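The numbers here are math on the coordinates, done by the rules we state, and not lab data. Since this is a predicted model, take the numbers as computed values, not measurements. Positions of Cβ are generated from backbone atoms using ideal geometry, with glycine treated the same way; all protein chains shown enter the neighbour counts.
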Amino acid sequence: MELGDLRISYVPDGAVGLKPRGWFPETSADDWRDRAHHLDGAGQLVASIGGLLVERGPRAMLIDAGFGPVSRPDDPGNPAVGATRGGDLLDNLAALGRAPGEIEAVAITHLHTDHIGWAHRGAFPAARILLAEPEWESREEHAPDVTDEMLTALGAQVETVHDGQEVFPGVRVRYTSGHTPGHASYVITSGDQRLIVIGDALHSAVQIAEPTWPVWADVDRAEAIRTRQDLVRELQEPSTIGFAVHFADVQFGRAITDSGTPRWQPLP
C-alpha cells in the first residue's frame, strides 16, 4: 500500500496457532461459540507471523523480523500456543525487490521469538536493531524461549530508542507497554494519513470488540488492557489505519462501530 511518499508492505514469515481459551484464560466455551468465525477447523486462532517493510525511495526499514527458519510442533502441555512455523520472510522480502543487506534498520516491537527470529540470526548485517529502551533494559526478564545467546547476538546491533523518537522518515516510536515491559508500537505518518503498527498490543481481531479480555502472555494484564482500549479508540479515527501482524490474512484495517460495538474492518 502507499502512504504518501512511503510504500508499506507486509512480509509474511509463517504462522502460529493460538488456543483460544488458553490464550484468553477468562473466556468460556460460550464466548467462543458466538465467535466461531474467528477460529480455524482445529478450533484455534490463526496468528500470522512476519514483518512490515517500509520504503522511501531507495531507503528501506523493517518492523519486526519474524520467527526465522524453524518450526515447532504443538505441545499438548502448552495451554495457549500451538504449532509454530517460520522461514518465509527472506523469500518474501526478495519478492518485494529487497535484499537483506539493503535494510538499514529493523525496529523490533518486543523481545519475543516470533518477532526477533531473523534478526538474532544476523540476517540483516547492515541494519541497526532498534528496541525501546525499557524493553532492552528489562531483557533479563525475557520469555523462556528467548535465550541468552539470542540476546547476545542481537546486542552487537542493538540501538535503544525512546518514546516519540523518529527512527526513519515518518516513523516514530510509541511506547505501548503491558504485553512486555517495554513493548513499542510504531506510528507511520505521511501528510494527513497515519498507520499504527500495533505489534502484540493486539493479537486477534476479536480483541477490537473485547479489549478487556486478559491475555495469557501479557506480563502486566491491567496495563495491557489499558493499552488495547486506547488503541481501539484511536483506530476508529477516520485518518488512522492499523497494521496488526497477527491478524491472520487481514493485517491492515481500521476499527469501526456497529450498534455500539467496535469491530475490525479489513482494508479492501
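Across region 42-54, rounded Karplus estimates of 3J(HN,Hα) from the backbone phi angles (6.51 cos²θ - 1.76 cosθ + 1.60, θ = phi - 60°) give 8, x, 10, 7, 8, 10, 5, 10, x, x, 10, 8, 10 Hz, Gly and Pro being marked x. Length available on full extension from Glu210 to Glu237: 0.36 nm per residue minus the Cα-Cα distance, which gives 7.9 nm. Estimated at 0.36 nm per residue, the fully extended path between Asp163 and Asp230 surpasses their Cα-Cα distance by 22.5 nm.
Residues whose amide H comes within less than 5 Å of that of Ala132, counting only those at least five positions distant or on another chain, are Val161 (H built at 1.01 Å from N in the peptide plane). Per-residue Karplus couplings for region 79-89, computed as 6.51 cos²θ - 1.76 cosθ + 1.60 with θ equal to phi - 60°, are listed in order as x, 10, 10, x, 4, 10, 9, x, x, 9, 5 Hz, Gly and Pro entered as x. Under the simplified labelling scheme, the Glu104-Asp148 pair shows an inter-label distance of 3.6 nm, with each label point 7 Å from Cα along Cα→Cβ. Between Thr84, Thr152, Thr160, the GNM of the chain built on Cα springs shorter than 10 angstrom shows Thr152 fluctuating the most. Using the Cβ of Ile225 as centre and a radius below 12 Å, the other residues enclosed give a net charge of -3, where K and R count +1 and D and E count -1.
Quote the FRET efficiency, to the nearest 0.05, computed for Ala29 versus Arg121 with a Förster distance R0 of 35 Å and r equal to the Cβ-Cβ distance. That gives a FRET efficiency of 0.30. Considering only Ala119, Ala65, Ala47, the mean-square fluctuation computed in a Gaussian network model of the chain, springs between alpha carbons under 10 angstrom, is largest for Ala47. Of all the options Leu39, Leu62, Leu195, the one that moves most in a Gaussian network model of the chain with Cα springs shorter than 10 angstrom is Leu39. The residues packed around Glu102, meaning those with a beta-carbon under 14 Å from its beta-carbon, carry a net charge of +3 if Lys and Arg are +1 and Asp and Glu are -1. Counting Lys and Arg as +1 and Asp and Glu as -1 over every other residue whose Cβ lies under 13 Å from the Cβ of Ala15, the net charge comes to -4. The label-point distance for Asp74 and Asp220, in a model that sets each label 7 Å from Cα toward Cβ, rounds to 3.5 nm.
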